[in-house]
Ligand SMILES: [Mg+2]
């Protein structure tokens, strides 16, 4: 079985500086955005609706959760937006005895993100914007490897797989948290099968970055939220609605729990 690092490896020095001078969709305004919106499917969310994006723990409970507004919900793409200032739920640092389970606590989200999610895929692609001297400025793409999302009555369930790729606006990229990912594979928290799955997925995303392909060529960095949208709030039931677990979880995690 060839390793992922056949050519690039997980070498943090591996970066590729490039831009997309001929990004086709930038010459065809709206080519992607005109597909936004509800495709009419009854299981899909409406544009502007607030949903809960939840990370589901190994024992099938809702973990970290964020409120997002639906930007697009179609058969091949779910796009979700969270502004800075939204309240999300994250694990608190437990000051109690070590064996006591940490609890979820409300925290303020600090960075505006558009989260592009693809049905059946093991990653999502995030776009970050930052406020620079009062101006909203696109600052980075981020490839987050994660479980393929599942739909719930209140939103979407997934879970993080540690490895990420940080991509600059000019499509220079680098791995993030690769040692932590490798350590989890060594410890058996992730099975070799999951590791292969993620590396294979990573290879396809890196190819898309290096070839300036979708979604990096789609003009999403110019997207702007509806100015009438208020800061979203986690919908009722985010912490109690039954989790939709990943069908491949046993293959991916073995018997590990955590
Ligand atoms: Mg991640």
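Counting other Cβ atoms within 10 Å as a rough exposure proxy, the listed residues 121, 199, 211 run 211, 121, 199 from fewest neighbours to most. Computed as a quarter of the hull surface, the mean projected area of the alpha carbon convex hull for region 125-258 stands at 10.4 nm².
Compared with the direct C-alpha span, the chain from residue 214 to residue 47 gains 58.0 nm at full extension, assuming 0.36 nm per residue. Note on residue 118/residue 93: beta-carbon distance plugged into 1/(1 + (r/R0)^6) with R0 of 25 Å gives a FRET efficiency of 0.15. If you take the square roots of the eigenvalues of the alpha-carbon gyration tensor of region 174-250 and sort them as a ≥ b ≥ c, do you get rounded (a/c under 1.5), prolate (a/b over b/c) or oblate? The shape class here is oblate.
The relative contact order of region 147-258, computed from alpha carbon pairs under 8 Å that lie at least 6 residues apart in sequence, is 35 percent.
In region 67-150, inverting the average of 1/r over every pair of distinct C-alpha atoms gives 14.8 Å as the Kirkwood radius.
Computed from the coordinates by the stated procedures, all read-outs in this text should not be read as laboratory data. Keep in mind that what you see is a predicted model, and the values were worked out from it rather than measured. Heads up, the Cβs are rebuilt from the backbone with ideal geometry, glycines too, and the neighbour counts pull from every protein chain shown.
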